[in-house]
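Below is one structure, written out as structure tokens; the observations come after it.
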Amino acid sequence: DINVISNGILAENSFTTTASAKAFKILSSSLYKNKILAIIRELSCNAYDTHKLVGKEHIPFDIKLPTILDPDFKIRDYGPGLSHDDVMELYTTYFNSTKTDSNEFIGALGLGSKSPFSYTSAFVVNSYHKGLLRSYSAYLDNNGMPKIVMLMGIPTIEDSGLEIQFATKEDDHHSFRTN
């Protein structure tokens, strides 16, 4: 707790941030020196955290590395998945995390899920949640602002979880494998 005592203040104001393409680029991309490593690390930590949340630490999450025949990077966990509201509100809000008040989890800043924006301008988020598969496209609009749109929602018998997927550049396939 901080107890601030002040006297003789003539004016006061709080610092704020402006939601801008510049701010989002700094938070999604400029934080990471090695973007490929950062994406793998951040999304893997999130996948591990969701497994821990539901008591599945012993079950591996899936990572598919890009190849010439299939250039997509994909990571899929088997945690609880996200509801539509959680995707639209929690997933899309920088510095918002359900793990902020716990030391039990790796992530807590609400930034790691946005790390694919450091590499690509668009990625797919598939949420398997309570018998529904909802697919979303997260993308940077023409002004560089991050957006998300729901593409489909269908019943599924797949296990709950979250899957993130995006296409990679052929020149980077080796880097995805060695990072």
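Some observations on this one:
- For Y48, the solvent-accessible surface with a 1.4 Å probe is about 90 Å², rounded to the nearest 10.
- When K147, K22 are compared by accessible area of protein heavy atoms, the largest-first order is K22, K147, using a 1.4 Å probe.
- Rounded tilt (10° steps) of 35-53 against the dominant C-alpha axis of the chain: 90 degrees
- In a simple Cβ point-charge model (Lys, Arg +1; Asp, Glu -1; nothing else charged), the chain has a dipole of about 380 debye relative to its Cα centre.
- Scaled against 2.2 N^0.38 Å for its residue count N, the alpha carbon radius of gyration of region 1-79 is 1.81.
- Ranked by solvent-accessible area (1.4 Å probe, protein heavy atoms only, all chains present), the residues D1, D172, D85 order from largest to smallest as D1, D85, D172.
- Karplus-based coupling profile of region 156-172, in residue order and whole Hz: 8, 9, 5, 4, 4, x, 10, 10, 10, 8, 7, 6, 10, 7, 4, 5, 9, with θ = phi - 60° in 6.51 cos²θ - 1.76 cosθ + 1.60 and x standing for Gly or Pro.
- The calculated P(r) of the chain, using every Cα pair and 10 Å bins from 0, goes 9, 34, 34, 14, 6, 3, 0 in percent.
- Using only side-chain charges placed at the Cβ, +1 for Lys and Arg and -1 for Asp and Glu, the dipole size of region 1-104 relative to its Cα centre rounds to 540 debye.
- Most mobile of E42, E163, E12 in a GNM of the chain (Cα contacts under 10 Å): E12
- Taking the chain and dividing mean pair separation by its residue count, relative contact order in percent (alpha carbons under 8 Å, at least six apart): 26 percent
- Karplus-derived 3J(HN,Hα) values for region 145-150, using 6.51 cos²θ - 1.76 cosθ + 1.60 with θ = phi - 60°, are 8, x, 9, 9, 10, 7 Hz; glycine and proline are entered as x.
- Distance violations [Cα-Cα > 30 Å] among K22/K56; K74/K130; K52/K169; K25/K130; K56/K169; K114/K169: K22/K56; K52/K169; K25/K130; K56/K169
- Each of A122, H84, V54 was placed along the dipole of the chain (beta-carbon charges, centred on the mean Cα), and the one lying farthest toward the positive end is A122.
- Residue order for M145, M150 - accessible surface, 1.4 angstrom probe, largest first: M150, M145
The values are calculated or read from the model by the stated rules, or taken from the named source; none is laboratory data. Just so you know, these numbers come straight off a predicted model, no measurement behind them. FYI the Cβ positions are ideal-geometry reconstructions off the backbone, even for glycines, and counts take in every protein chain you see. SASA here: full protein model, heavy atoms, side chains in, ligands and nucleic acids out. Shrake-Rupley method; radii C 1.70, N 1.55, O 1.52, S 1.80 Å.
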